[in-house]
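Read the structure below first, then the notes.
The values are calculated or read from the model by the stated rules, or taken from the named source; none is laboratory data. What you see is a predicted model; the values in this text were computed from it and never measured. Quick reminder, even Gly has a Cβ in these numbers, built from the backbone with ideal geometry, and neighbours come from all protein chains shown. Remember, those area values only see protein heavy atoms, side chains included, never the ligands or the DNA or RNA. Shrake-Rupley method; radii C 1.70, N 1.55, O 1.52, S 1.80 Å.
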Amino acid sequence: MARVSADTPGAARRVFLNSAGSSLPPTPVLETVIAHLRREAEIGGYEALDERAADLEAGYGVFAELLGCRPDQVAFTDSATRSWLAAFEAVPLTAGDRILVGELEYGGNAIPLLMRARAVGASVEVVPSDGDGSFAPDALAAVLDERVKAVSVVQVPTNGGVVAADVRRISDAAHSVGALVLLDACQAVGQLAVDAEALDVDVLTGTGRKWLRGPRGTGFLVVRDRAKAVLRPKLADLQGGTWTGADSYALRDDARVYELWENDTATRLGLIAAARYLLDLGVDAVEEAVTRRGAYLRAALGEVDGVTVHDLGTRKCGLVTFSVEGAEAGEVQAALAAQDIAVSITRRSSTFYDMDRRGLTELVRASPHYFVGEAQMDAAVGVVAEVAAGARPARG
């Protein structure tokens, strides 16, 4: 904690409970990005890139270690959304095909799912959650057939702390009918151990800016061999392919076929530095620390009159959602911000299936990372208690 605190000066100045949105990068990540930008200003972007070519190449191995895959299965992008779009648009779909999603599906995935399905005459169907609010493998198995081409799974939803409990069983069931499994690990990587091979997912996507504590504008994509054999990239440029003749080209044979030649070298180096930082701390140690903080905050909020914690699931993580009776989410967020406490709001449009099923329109979302202490969380709970007391009608 001494090292973490020294590397996160912003956490000493405010109570930061928004790592599920965009976390505070540690000093080594910040210095990596700024140093490269300065170098570009000194000698030029191409020249600065050449100097760091070996470091950039090594980054594929760093993420392979982090995510349980091979370096050739890793690609870098500018966001989790870009990663997900690149992979999903490469899934061959025709009229009559089926795509299955869980109730915790994210809006950024759902919109392109619905767009492509409408365009080709496929269908998007929702698999009901189990009693814990997680993606249910048994419910999935009951609706599978050979027309299912893809199953989209969100490991941790944007609107609650539940962790998809049985991703491997989901993968096994989907693969029994030849369907691909696309895992959205955007809210998982950086707070939980995520192993693509152990989970046997075909595609994995994530971002740098959240729990991984990397720069904004960074993302990563894992494409494993089963997906590689099926996916057909729609477009590529000089990074993903080679122009071999006047009317011919050759595409790369690895995940980098989904990359673009132009990218932000400074932030990519920062993303790699963030992954190294996490590996150095220890992924399991970070998972334990973040999960413990989530449980502490969840329990403390649950003791406040007028506050309802809405997290589902037997297994929960560091993402905590709640509401205050008689107060809108924006009021709670503003009261916390006035005391230098950062939280965010999750709305129905981001997780429509689940929020609509539960009759929710918006929730306050707090996400304490390992650099947040119990006293800081107590301060946040104290402000929430004040809002709750003021929002409740007086009892005569």
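Points worth noting:
- Extreme residue, least open to solvent (accessible area, probe 1.4 Å), among residues of segment 255-289 that are within 30 Å of E89 (Cα to Cα) and part of a loop (DSSP other than H, G, I, E, B): E259
- One residue from R252, R292 being open to solvent by 70 Å² or more (accessible area, probe 1.4 Å) and either over 27 Å from L85 (Cβ atoms) or within 17 Å of the chain's Cα centre (by Cα) (or both): R292
- S22 vs. criteria closer than 30 Å to A122 by Cβ and surrounded by 14 or more Cβ atoms within 10 Å (Cβ to Cβ): no
- Hey, V124 part of a strand (DSSP E or B) and either without any contact (Cβ under 8 Å) to a residue 40 or more places away in the chain or under 27 Å from D254 (Cα atoms) (or both) or not: yes
- Subset of segment 195-210 [part of a loop (DSSP other than H, G, I, E, B) and open to solvent by 10 Å² or more (accessible area, probe 1.4 Å)]: D195, D200, R209, K210
- Qualifying positions in segment 31-54 - charged (D, E, K, R) and in a helix (DSSP H, G or I): E31, R38, R39, E40, E42, E47, D50, E51
- Filter pass, A229 being of a type in the set (A, V, I, L, M, F, W, C) and over 21 Å from the mean Cα position of the chain (by Cα): yes
- Residue in segment 84-99 that is under 25 Å from L212 (Cα atoms) and in contact with a Cys (Cβ under 6 Å, 6 or more places away or on another chain) present: no
- Summed over segment 316-333, the residues that are assigned to a loop (DSSP other than H, G, I, E, B) and farther than 13 Å from V384 by Cβ give a count of 4.
- Filter result for T308 (buried (at least 20 other Cβ atoms within 10 Å of the Cβ) and part of a strand (DSSP E or B)): no
- Matching residues in segment 25-56 - criterion: being on the phi < 0 side of the Ramachandran plot, small (G, A, S) and open to solvent by less than 70 Å² (accessible area, probe 1.4 Å): A35, G45, A48, A53
- Scanning segment 211-236 for residues that are without any contact (Cβ under 8 Å) to a residue 24 or more places away in the chain and crowded, with 17+ Cβ neighbours inside 10 Å turns up just one, A236.
- Pairs where the first residue, in segment 68-88, is within 20 Å of T265 (Cα to Cα) and the second is small (G, A, S) and open to solvent by 20 Å² or more (accessible area, probe 1.4 Å), C-beta under 7 Å, 6+ apart: P71/G61; D78/G217; S79/G217; T81/G108
- Residue list for segment 57-73, filter: of a type in the set (D, E, K, R) and either buried (at least 18 other Cβ atoms within 10 Å of the Cβ) or under 18 Å from V257 (Cβ atoms) (or both): E57, R70, D72
- Top-ranked residue of segment 347-396 - restricted to ones that are basic (K, R) and assigned to a loop (DSSP other than H, G, I, E, B), ranked as surrounded by the fewest Cβ atoms within 10 Å (Cβ to Cβ): R395
- S23 falls short on exactly one of the conditions (1) assigned to a helix (DSSP H, G or I); (2) in contact with a His (Cβ under 7 Å, 6 or more places away or on another chain), and that condition is (1).
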